[in-house]
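See structure below.
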């Protein structure tokens with residue numbers, strides 16, 4: 001569905017992504033983990049058409065997204081839920097969601113927007129309860145749900161999420177990732193950037209480790225969870241060693 | 001049947017994307033974690049950041065057996081020893097055995113790739129698999145053992161018992177799949193005849209044979225004598241063990257696990273890539289190995305690669321059965337001779353056994369090639385005239401086939417040396433370079 005080859009991105013003299021290649025197959029949840037400043041957000045922003053690429057190509061369902069720009073990217077079915085939610089604080093929840101449906105009106109599918117709103121309410125019942133409330137008065141977790149809901153209103157085939165768990169309480173994180181799994185089960189492909197590698201790998205099929213602008217590792221979620229480098233660097237602790245061998249060396 | 005259809009039947013374009021991603025990560029890890037590779041790549045002026053296509057691989061230096069030897073035992077490992085859960089060694093066919101490490105993920109990958117080979121060769125849950133390789137440092141037995149367990153078959157780890165004992169177990173345990181080298185399979189078949197066990201007394205269906213070069217005619221003979229369907233498989237301990245490639249039941253080449261290994265075929269002398277489809281030395285780059293990533297490892301094995309889609313549905317390219325080792329390439333009287341060519345001729349001649357040895361000697365008049373051929377008892381004890389007729393017939397055929405004059409000597413059955421199931425095909429007494 002998404003294929004990125006040798007993507008290079010930089011700002012002025014600064015190189016953020018060197019040569020990154022990755023892919024996401026239809027139906028997958030793929031996660032991108034790595035330390036702060038590795039380029040994860042830049043990668044999502046470039047795919048979304050929000051940052052220009054210096055080199056390489058981004059193919060989405062066979063189409064080159066290279067110069068597509070954000071609006072066309074969304075219209076093609078690729079939506080980004082940006083880091084830090086970025087909901088319209090001074091607007092009610094419902095209007096925030098309807099804005100996400102703009103692209104559906106342009107597609108001439110305005111009549112489906114009601115259905116989509118219904119679906120988002122089903123996934124996040126709290127958004128129905130707070131329909132008339134201003135988005136700025138929602139809790140962090142609710143704002144995250146609103147941001148995801150707004151992206152879903154565009155009926156994306158690929159949903160990209162940037163750090164959805166950031167600053168949220170563990171229980172809320174769990175709830176949000178459960179919804180991500182459900183969205184995927186209902187047919188949306190997901191590319192998930194997360195600091196919280198353990199949670200991300202639990203919902204993902206596959207993953208990539210991005211370090212200083214390069215892919216350092218690719219593998220199934222299971223393989224990455226079992227990889228000792230990943231355990232040491234991103235999972236906080238080493239998994240217990242069933243052989244009981246010491247830690248010497 | 002296919003063990004991992006998603007991987008084994010992947011579209012070519014998708015596979016190449018995956019290979020590129022994995023190759024980039026492998027090069028980066030080798031560069032970061034293996035001082036040897038950091039030095040090598042720096043010396044070659046290869047910047048891992050500039051890597052952008054599979055073709056760029058050709059700019060990487062080769063890794064050889066000597067490199068493994070010099071860094072023996074753990075110098076090329078890309079992970080600390082505490083992350084290594086198993087150590088094997090190459091079987092030392094060429095005289096040097098070196099350590100190979102596996103992380104937990106490496107072992108898991110290995111099991112799955114072996115399961116692919118077994119399933120492609122006909123084996124399923126209901127089969128009883130007799131592993132007749134030696135269990136030990138050598139990877140053959142453990143690889144098949146893990147794979148067969150992964151498939152869910154019943155594994156009998158017989159290891160290196162006497163041929164008689166192997167036959168006994170084939171009978172008693174109603175073994176349906178036999179795993180060993182082709183020459184060992186023939187030895188077991190001989191023991192079967194000797195013990196006068198009728199073929200019908202066995203439940204054998206599948207034979208998975210590898211670890212040494214063999215021929216179509218040898219396959220027919222094994223199948224005939226043991227009453228099974230035989231498939232070839234390929235691997236080498238340095239890059240993992242068996243499981244690099246295996247035949248499906250179409251038996252038109254061995255499907256390579258291209259999602260885990262990147263293969264190139266080069267001319268063993270110029271080291272340049274050969275034209276697609278031509279025979280040359282196989283060079284392997286590992287794509288997923290954690291403990292011991294190898295970049296452009298020269299296997300010394302001679303093969304060719306066919307990327308065409310197979311009738312079985314797998315999209316993975318197929319390598320031809322190994323046609324010998326580039327080390328075995330005999331340069332004699334200006335001609336290039338591979339032992340496998342001699343084998344192919346012998347199989348077509350009635351009365352000869354599939355065991356032979358090539359003896360190279362230096363005489364005043366130049367190099368001489370003598371082929372020692374085992375013949376059936378009836379011929380060996382037959383009258384001189386029939387014996388010399390057979391000998392001359394083989395000499396004529398070999399000389400015309402190889403373009404070099406070859407002397408033939410007939411020897412009694414079972415007189416040629418066999419070590420650990422692997423036949424010694426070439427004895428070079430010439431000393432030094434020709």
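What follows is calculated from the coordinates using simple rules that are stated; it is not laboratory data. It should be emphasised that the depicted structure is a prediction, and the values quoted were computed from it without experimental measurement. Here the Cβ is made from the backbone with ideal geometry for all residues, glycine too, and neighbour counts use every protein chain on show.
Taking every residue in B:103-112, how many Cβ atoms of other protein chains lie within 10 Å of its Cβ, on average? Show your work: numbers first, answer last.
Values: counts 4, 8, 9, 0, 0, 4, 2, 0, 0, 0.
Counting Cβ atoms of other protein chains within 10 Å of each residue's Cβ and averaging gives 3.
If we count other beta carbons within 10 Å of each Cβ, what is the order of A:73, B:64, fewest first?
B:64, A:73
Enter the mean number of other protein chain beta carbons within 10 Å of the beta carbon of each residue in B:20-28, as an integer.
Values: counts 6, 10, 5, 1, 10, 10, 2, 1, 7.
What the average comes to for B:20-28 is 6.
Compute the whole-percent fraction of alpha carbon pairs in segment A:106-174 spaced more than 19 Å apart.
Percent of Cα pairs beyond 19 Å in segment A:106-174: 37.
Residues in segment A:1-44 near a label at residue B:50, defined as backbone nitrogen under 15 Å from the 7 Å Cα→Cβ point?
Only A:19 fall inside the zone, counting backbone N under 15 Å.
Take every residue in peptide B:285-294, count the Cβ atoms of other chains within 10 Å of its Cβ, and give the average of those counts.
Per residue, the average neighbour count from other chains is 1.
Whole number please: convex hull volume per residue, Cα atoms of segment A:55-189, in Å³. Please report the intermediate quantities before stating the final value.
Details: hull volume 15.8 nm³, N = 135.
With only Cα atoms used, segment A:55-189 gives 117 Å³ per residue.
Going by alpha carbons, how many degrees (0 to 90, nearest 10) lie between the helix axis of B:384-402 and the longest principal axis of chain B?
Value to nearest ten degrees: 30.
Note the direction-averaged projected area, equal to a quarter of the hull surface, for the Cα convex hull of segment B:92-231, in nm².
Mean shadow area of the hull around the Cα atoms is 8.4 nm².
Could you check the spin-label model distance between residue B:249 and residue B:171? Points 7 Å from the Cα along Cα→Cβ, value in nm.
Going by the 7 Å Cα→Cβ label model, 2.9 nm.
For the pair residue B:413/residue B:359, report the inter-label distance in nm, with labels modelled 7 Å from Cα in the Cβ direction.
Here the modelled spin labels are 2.2 nm apart.
With each run of n ≥ 4 DSSP H residues scored as -39500 (n - 2.57), what mean residue ellipticity at 222 nm is computed for the protein assembly as shown after dividing by its residue count and rounding to the nearest 500 deg cm²/dmol? Can you show the working numbers first?
Values: 23 runs with 231 residues, N = 683.
Helix contribution divided over all residues of the protein assembly as shown: -10000 deg cm²/dmol.
For segment B:194-334, just say rounded, prolate or oblate: build the C-alpha gyration tensor, square-root its eigenvalues into a ≥ b ≥ c, call rounded for a/c under 1.5, and beyond that prolate if a/b exceeds b/c, oblate if not.
Here segment B:194-334 falls in the prolate category.
Round to a whole angstrom and tell me the spacing of the C-alpha centers of segment B:212-263 and segment A:5-46.
40
If one computes the Cα centroid of segment B:43-88 and of segment A:153-226, what distance in Å separates the two points?
Taking the Cα centre of each part, segment B:43-88 and segment A:153-226 sit 31 Å apart.
Got the relative contact order for segment B:125-258 handy, in percent, Cα pairs under 8 Å and 6 or more residues apart?
The value is 21 percent.
Rg to Rh ratio, chain A, alpha-carbon atoms and Kirkwood radius?
Details: Rg = 18.5 Å, Rh = 18.7 Å.
So for chain A, dividing Rg by the Kirkwood Rh gives 0.99.
Tell me the angle of helix B:182-194 to the major Cα principal axis of chain B, expressed in degrees between 0 and 90 and rounded to the nearest ten.
The helix B:182-194 is inclined about 40 degrees to chain B.
When only alpha-carbon atoms are used, what values of Rg and Dmax, in angstrom, describe segment B:159-234?
Cα radius of gyration and Dmax of segment B:159-234 are 11.2, 32 Å respectively.
How far apart, in nanometres, would the label points at residue B:308 and residue B:81 be if each is projected 7 angstrom from Cα along the Cα-to-Cβ direction?
5.1
Using a 10 Å cut-off around each Cβ, can you sort A:16, A:29 from fewest to most neighbouring Cβ atoms?
A:16, A:29
Using Cα pairs closer than 8 Å and at least 6 residues apart in sequence, work out the relative contact order for segment B:189-323, in percent.
20
Give the relative contact order (percent, whole number) for chain A; include only Cα pairs under 8 Å separated by 6+ residues.
25
Based only on Cα atoms, what mean projected area does the convex hull of segment B:1-120 have, in nm²?
8.9
Helix A:140-152 versus the longest principal axis of chain A: what is the Cα-based angle in degrees, 0 to 90, to the nearest 10?
Here the helix axis deviates by roughly 70 degrees.
How large is the Rg to Rh ratio of segment B:313-396 when both quantities use alpha carbon positions and Rh follows Kirkwood?
1.09
With all pairs of different alpha carbon atoms counted, what Kirkwood hydrodynamic radius in Å does segment A:55-127 show?
14.1
Mind pulling up the Rg/Rh value for the protein assembly as shown? Radius of gyration and Kirkwood radius, both on Cα. If you can, show how the numbers build up before the last one.
Values: Rg = 30.1 Å, Rh = 28.2 Å.
We get a ratio of 1.07 for the protein assembly as shown.
Based on other C-beta atoms within 10 Å, arrange A:186, B:247 from fewest to most.
Lowest to highest Cβ neighbour count: A:186, B:247.
With the cut-off at 19 Å, report for segment B:267-341 the share of all Cα pairs above it, as a whole percent.
47
For segment A:18-76, report the translational diffusion coefficient in µm²/s to the nearest whole number, using Stokes-Einstein at 37 °C, 0.692 mPa s, and a Kirkwood Rh over Cα pairs.
Estimated via Stokes-Einstein, D reaches 265 µm²/s.
Can you grab the distance from the C-alpha centre of segment B:135-188 to the C-alpha centre of segment A:47-95, Å, no decimals?
The distance from the Cα centre of segment B:135-188 to that of segment A:47-95 comes to 57 Å.
Considering the Cα positions of chain B, please state its Rg to one decimal place and its Dmax as a whole number of Å.
Reported Rg and Dmax, both Å: 22.2, 72.
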